[in-house]
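What follows is one structure encoded as structure tokens, with my remarks underneath.
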Amino acid sequence: MKTNAELQKDVQDAILWEPLLHSAEIGVIVNNGIVSLTGNVDCYAKKLQAEHAAKNVLGVKVLVEDIEVRLPDPRSKTDVEIASEIIAAFNANSFIPQEKITVKVEDGWIDLDGEVSWEYLREITENAVKYLPGVKGIYNNIIINPEIRNTVEKSDIERALDRSSIDNSEISVSVSGTTATLTGTVHTWHQKEEAGRIAWKTPGIQDVKNKLEVDYEYDL
């Protein structure tokens, strides 16, 4: 078991362990597994890296992320410049269905809209733009509209979880139409996210509600 102070230090050390974040000034507040990150960074990539580092620390149950991206003037770009780089990034990735995606850029924030047939296409679309210079944040509103109209089978998801390295003994799967819901407990945030990714790979899936809780005991 970890005390709040021990978990706070572990999260701070995990953030400082990332080369990208050596000089970043990120505050960490911990209360019974709820970890809040605060501060300012000079690019969106650092914001994402800090979030990823914190999630992978054993004992983190909930992450509250309040890091602000403040671009130094020399690194700032106009929205038109960012939009041009997005088009170039899309053109460089043949998997992105550009004809199904619309993009809006406003004050460095990117809105992605449209529909794709698989979750991984939504992910690679976001990944293509999130590290571009000048980006402050992304709203990924792309929806999943499966080309495969098969009935989503609960047993398919359960077997996929069985094949994984996740301890899924306390995970329950329910399916309603094209929506899968995961409930129960796992031991780490990584397991929660991995279970969600596995469910999203199910043929015909349109939505995954990941309600898994991270179970960890704390010394207060």
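The values are calculated or read from the model by the stated rules, or taken from the named source; none is laboratory data. Because the structure is predicted, anything quoted here is derived from the model rather than measured. In this analysis, Cβ positions are derived from the backbone assuming ideal geometry, glycine residues included, and neighbour counts consider all displayed protein chains. These area figures cover heavy atoms from the full protein model, side chains too; ligands, DNA and RNA do not enter into them. Shrake-Rupley method; radii C 1.70, N 1.55, O 1.52, S 1.80 Å.
Which of the residues that make up region 31-46 are open to solvent by less than 30 Å² (accessible area, probe 1.4 Å), outside any helix (DSSP H, G or I) and aliphatic (A, V, I, L, M)?
Answer for region 31-46, where residues must be open to solvent by less than 30 Å² (accessible area, probe 1.4 Å), outside any helix (DSSP H, G or I) and aliphatic (A, V, I, L, M): 35, 37, 41.
Give the residues of region 88-121 that are more than 20 Å from residue 178 (Cβ to Cβ), under 21 Å from the mean Cα position of the chain (by Cα) and part of a loop (DSSP other than H, G, I, E, B), sorted by residue number.
Within region 88-121, 93, 95, 96, 108 meet the criteria.
Each row is one residue, and each column tells you yes or no for (1) basic (Lys, Arg); (2) crowded, with 17+ Cβ neighbours inside 10 Å; (3) in contact (Cβ under 8 Å) with a residue 24 or more places away in the chain; (4) not assigned by the TED database to the domain that holds residue 137.
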| residue | (1), (2), (3), (4) |
| --- | --- |
| 9 | yes, no, no, yes |
| 18 | no, no, yes, yes |
| 24 | no, yes, yes, yes |
| 27 | no, no, no, yes |
| 48 | no, yes, yes, yes |
| 58 | no, no, yes, yes |
| 87 | no, no, no, no |
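Restricting to region 136-174, and then to whatever is part of a loop (DSSP other than H, G, I, E, B) and at pLDDT 95 or above, can you tell me which residue is least open to solvent (accessible area, probe 1.4 Å)?
Among residues in region 136-174 that are part of a loop (DSSP other than H, G, I, E, B) and at pLDDT 95 or above, the one least open to solvent (accessible area, probe 1.4 Å) is 142.
Residues being modelled with pLDDT under 95, among the hydrophobic types (A, V, I, L, M, F, W, C) and either part of a loop (DSSP other than H, G, I, E, B) or open to solvent by 100 Å² or more (accessible area, probe 1.4 Å) (or both): count how many of those fall in region 66-85.
1
Quick check on residue 103: is it in the same structural domain as residue 39 (by the TED database) and in contact (Cβ under 8 Å) with a residue 12 or more places away in the chain?
For residue 103, the condition - in the same structural domain as residue 39 (by the TED database) and in contact (Cβ under 8 Å) with a residue 12 or more places away in the chain - is not met.
Can you say whether residue 197 is basic (Lys, Arg), part of a helix (DSSP H, G or I) and either assigned by the TED database to the domain that holds residue 97 or within 14 Å of residue 118 (Cα to Cα) (or both), as far as the supplied structure shows?
Against the criterion (basic (Lys, Arg), part of a helix (DSSP H, G or I) and either assigned by the TED database to the domain that holds residue 97 or within 14 Å of residue 118 (Cα to Cα) (or both)), residue 197 qualifies.
Looking at (1) farther than 30 Å from residue 206 by Cα; (2) under 20 Å from the mean Cα position of the chain (by Cα); (3) polar (S, T, N, Q), which one does residue 76 not meet, given that it meets all the others?
Tallying (1) farther than 30 Å from residue 206 by Cα; (2) under 20 Å from the mean Cα position of the chain (by Cα); (3) polar (S, T, N, Q), residue 76 fails exactly one: (2).
Would you mind telling me which numbered condition in (1) in a helix (DSSP H, G or I); (2) under 20 Å from the mean Cα position of the chain (by Cα); (3) not aromatic (Phe, Trp, Tyr) residue 13 fails?
Answer for residue 13: the failing condition is (2).
Test of understanding: among 67, 82, 26, 34, which residue is more than 30 Å from residue 185 (Cα to Cα) and either touching a His at 6+ places or on another chain (Cβ under 9 Å) or among the β-branched types (Val, Ile, Thr) (or both)?
82
Can you find, within region 89-112, the residue that is nearest to residue 197 (Cα to Cα) among those that are out of contact with any Leu (no Cβ under 8 Å at 6 or more places or on another chain) and open to solvent by less than 60 Å² (accessible area, probe 1.4 Å)?
Ranking the qualifying residues of region 89-112, first place goes to 112.
Residues are listed down the side, and each one gets a yes or a no for (1) in contact with a helix residue (DSSP H, G or I) (Cβ under 9 Å, 6 or more places away or on another chain); (2) at positive phi:
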position: 129; (1), (2): yes, no
position: 157; (1), (2): yes, no
position: 162; (1), (2): no, no
position: 177; (1), (2): no, yes
position: 180; (1), (2): yes, no
